[in-house]
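Structure record follows, encoded as structure tokens.
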Amino acid sequence: MIMPHFGNPADGSWTEHYPELGTGPVDYSDSIDPAHYEAERAAIFKRTWLNVGRVERLPRTGSYFTRELAVADTSLIIVRGRDSQIRAFHNICRHRGNKLVWNDFPREETAGTCRQFTCKYHGWRYGLDGENTFIQQESEFFGVDKSQYGLKAVRCEIWEGFIFVNLDPQAQPLTDYLGEMAKGLEGWPFHEMTEVFSYKAEVGSNWKLFIDAFAEFYHAPVLHQKQAVKQEADKLLGYGYEGLHYELHGRHSMLSSWGGMAPPKDLNMVKPIERVLRSGLFGPWDRPAVEGLDPLPPGINPARHKAWGMDSFFFFPNFQLLIWAPGWYLTYHYWPTAVDRHLFEGGLYFVPSRTASERLAREIAAVTFKEYALQDGNTLEATQMMLKSRAVTEFPLNDQEILLRHLHKTAADYVREHAGAAR
Amino acid sequence: MLPAEFAALERFSDWVLATEPERYAKRLASSMEEMQAFYDAAFPLLERAMAHLDAFELHDLPEAERNLLYLMQSLIMVSFPVEVWKQPRVPDSGAAYLDLVVEPRV
């Protein structure tokens with residue numbers, strides 16, 4: 001029995017607070033079974049709201065980017081129109097199906113600014129609102145009506161500057177889907193944090209395994225022990241990890257964590273370069289001077305804990321938002337490409353640096369993020385390999401791993417409900 | 001290449017690199033002896049470099065100052081191998097990679 005430092009809910013454990021989760025071992029076949037992966041594509045990724053980026057990526061009329069969605073066998077164009085509305089379209093020309101927007105490599109994403117989209121193949125043109133504006137040799141066609149050959153729209157809605165798409169035209173509105181957890185974050189100054197570092201990697205694991213890795217910090221004192229100074233690492237390993245607070249909100253979930261590192265109580269806890277830069281894994285120690293960080297919206301640090309350092313919000317199915325006490329945020333996205341592969345994207349968002357010192361403080365945070373993520377990423381490949389052996393299929397998850405239990409259950413519920421509806 | 005006050009670091013000017021992918025590639029291609037020598041010379045000057053650079057407008061740095069900033073970014077890049085790993089690569093990271101595809105440029 002561990003001795004809790006921060007206390008558990010009255011029910012005795014975070015997990016038992018949600019009886020539907022159970023406490024038994026969890027079957028991880030959902031991460032290796034190709035048929036289950038196919039079912040997840042249809043039941044989850046073609047029907048839920050997916051975050052494809054921030055509005056700051058589309059600053060002007062005609063700003064656009066493409067987003068490859070291998071998991072749904074499509075590519076999307078996200079574009080800001082003349083009415084400054086952001087819209088999403090399938091990236092396909094209505095003439096004969098050529099991919100409309102791409103450069104050099106059809107499988108790679110691209111971005112830019114344009115007045116209209118012109119197909120490379122036969123020159124059909126579309127306005128920023130998707131309307132068909134030009135058909136090459138129109139008179140050769142048989143009674144073709146341009147108004148019927150606009151780009152195929154995809155549901156696109158925005159929450160707090162985050163652009164979401166949904167391939168299901170019948171989907172509920174975004175804010176209903178995101179629910180009360182998102183409501184509780186509204187007003188935090190996401191829009192001020194426009195200095196961005198963005199990482200990308202292809203990872204040899206099922207998409208859910210990387211979410212697992214970032215949905216618990218039980219691993220942190222062990223896997224990352226060398227990253228702390230020796231004395232601190234030993235102490236962390238001895239204590240283990242306990243979250244301050246866990247909460248499930250329907251399909252979404254959050255965990256709230258302590259944050260003794262920004263600034264550290266004792267400078268000897270951190271590495272020499274962090275002492276000079278006043279920054280590290282937990283970000284710059286000094287809060288930026290922007291509105292909205294104090295007081296915090298009610299959904300952030302929901303337990304109002306004094307030791308609070310960071311909240312991790314997981315929006316089903318593949319978007320994680322980490323809000324840090326010193327005033328910056330991280331995003332994680334997991335884009336499946338196969339049952340045992342996915343593209344991982346990590347973004348660090350800061351209030352823009354005003355000085356070189358501030359720029360260097362952000363640099364060490366971004367560099368440190370990469371050191372940790374490389375350790376995590378490779379461990380996942382090792383896990384995927386051994387899950388595939390099926391030598392063991394069921395695994396005990398502890399109370400600090402409640403969000404993993406919830407994720408695998410939620411994904412399985414979607415698959416089951418979709419199969420039920422299809423019958 | 002660098003402001004006069006930092007002439008002692010001129011011999012590490014091959015670490016004046018504008019982007020993270022270049023700095024990371026140089027780290028992987030360097031020996032621990034090379035990185036330790038760079039760290040030992042540059043780390044004691046980090047605080048002075050910050051004070052020096054902060055007197056300038058960040059987005060309008062003269063060339064020598066911009067080079068100094070890039071050099072300090074490289075110092076941050078080698079700090080993990082030197083202070084933590086004692087090897088250029090993250091241990092057990094094997095073939096794993098993580099590419100920085102967007103970074104704020106100065």
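Some observations on this one:
- Condition check for residue A:336: over 26 Å from residue B:90 (Cα atoms) and touching a residue at least 24 places away in the same chain (Cβ under 8 Å): no
- Residue B:24 meets each of the listed conditions (1) more than 14 Å from the chain's Cα centre (by Cα); (2) in contact (Cβ under 8 Å) with a residue 60 or more places away in the chain apart from (1).
- Residue B:64 fulfils the conditions (1) more than 7 Å from chain A (Cβ to nearest Cβ); (2) small (Gly, Ala, Ser); (3) without any contact (Cβ under 8 Å) to a residue 60 or more places away in the chain except for a single criterion, (3).
- Long-range neighbours under 6 Å by Cβ, at least six apart or interchain, first residue more than 23 Å from residue A:169 (Cβ to Cβ) within the stretch A:90-103, second of a type in the set (A, V, I, L, M, F, W, C): A:98/A:119
- Given (1) in contact (Cβ under 8 Å) with a residue 60 or more places away in the chain; (2) of a type outside the set (Val, Ile, Thr); (3) buried (at least 16 other Cβ atoms within 10 Å of the Cβ), number of the condition residue B:43 does not satisfy: (1)
- Which numbered condition residue A:200 misses (of (1) of a type in the set (D, E, K, R); (2) away from chain B (no Cβ under 14 Å); (3) not in a loop (DSSP other than H, G, I, E, B)): (2)
- Looking across A:203, A:144, one residue alone is more than 30 Å from residue A:362 (Cα to Cα) and among the aliphatic types (A, V, I, L, M). It is A:144.
- The set of residues in the stretch B:76-96 that are facing chain A (nearest Cβ under 7 Å), part of a loop (DSSP other than H, G, I, E, B) and at pLDDT 90 or above contains only B:90.
- Residue match in the stretch A:86-99 (condition: of a type in the set (S, T, N, Q) and either touching a helix residue (DSSP H, G or I) at 6+ places or on another chain (Cβ under 8 Å) or exposed (fewer than 14 other Cβ atoms within 10 Å of the Cβ) (or both)): no
- Qualifying residue in the stretch A:176-185 (condition: away from chain B (no Cβ under 14 Å), surrounded by fewer than 16 Cβ atoms within 10 Å (Cβ to Cβ), free of Cβ contacts under 8 Å to residues at least 24 places away in the same chain and not aliphatic (A, V, I, L, M)): yes
- Check on residue A:401, assigned to a helix (DSSP H, G or I), under 17 Å from residue A:208 (Cβ atoms) and touching a residue at least 24 places away in the same chain (Cβ under 8 Å): yes
- The residues of the stretch A:268-294 that are within 13 Å of chain B (Cβ to nearest Cβ) and polar (S, T, N, Q) amount to a single one, A:279.
- Checked against (1) of a type in the set (A, V, I, L, M); (2) facing another protein chain (nearest Cβ under 7 Å); (3) under 15 Å from residue B:2 (Cβ atoms), residue B:101 passes all but a single condition, namely (3).
- Hits in the stretch A:148-169 - residues which are in a loop (DSSP other than H, G, I, E, B) and under 21 Å from residue A:92 (Cβ atoms): A:149, A:150, A:151, A:152, A:167, A:168, A:169
- Within the stretch A:114-139, being touching a residue at least 24 places away in the same chain (Cβ under 8 Å) and in a strand (DSSP E or B) holds for A:117, A:126, A:132.
- Here is the figure for the stretch A:265-299: residues that are touching a residue at least 40 places away in the same chain (Cβ under 8 Å), in contact with a Phe, Trp or Tyr (Cβ under 8 Å, 6 or more places away or on another chain) and under 29 Å from residue B:43 (Cβ atoms) total 8.
- Residue count for the stretch A:347-372 satisfying the condition of being in contact (Cβ under 8 Å) with a residue 24 or more places away in the chain, within 7 Å of chain B (Cβ to nearest Cβ) and more than 18 Å from residue A:271 (Cβ to Cβ): 1.
- Flag for residue A:120 being over 35 Å from the mean Cα position of the chain (by Cα), of a type in the set (Lys, Arg) and within 24 Å of residue A:102 (Cα to Cα): no
- Number of the exception - residue A:342 against (1) in contact with a helix residue (DSSP H, G or I) (Cβ under 6 Å, 6 or more places away or on another chain); (2) in a helix (DSSP H, G or I); (3) within 14 Å of chain B (Cβ to nearest Cβ); (4) in contact (Cβ under 8 Å) with a residue 60 or more places away in the chain: (2)
- Subset tally (residues that are among the basic types (Lys, Arg) and more than 18 Å from residue A:162 (Cα to Cα)) for the stretch A:52-101: 4
- There is no residue in the stretch B:1-9 that is under 30 Å from residue A:341 (Cβ atoms) and modelled with pLDDT of 95 or more.
- Members of the stretch A:342-365 found to be within 21 Å of the chain's Cα centre (by Cα), more than 18 Å from residue A:287 (Cβ to Cβ) and not aromatic (Phe, Trp, Tyr), listed by number: A:342, A:343, A:345, A:346, A:347
- For the stretch A:262-290, filtered to residues that are of a type in the set (Gly, Ala, Ser) and under 15 Å from residue A:368 (Cβ atoms), the residue that is nearest to the chain's Cα centre (by Cα) is A:283.
- Number of positions in the stretch B:61-87 that are over 11 Å from the mean Cα position of the chain (by Cα) and of a type outside the set (Gly, Ala, Ser): 13
- Filter result (of a type outside the set (Val, Ile, Thr) and within 16 Å of residue A:154 (Cα to Cα)) within the stretch A:80-115: A:80, A:81, A:85, A:87, A:88, A:89, A:90, A:91, A:93, A:94, A:99, A:100
- Evaluating residue A:418 against the criteria (1) more than 9 Å from chain B (Cβ to nearest Cβ); (2) closer than 17 Å to residue B:99 by Cβ leaves one unmet condition, (2).
The values are calculated or read from the model by the stated rules, or taken from the named source; none is laboratory data. This one's a predicted model, so the numbers in the text were calculated from it and none came from an experiment. Using ideal geometry, Cβ is built from the backbone for each residue, glycine included, and neighbour counts are taken over all protein chains shown.
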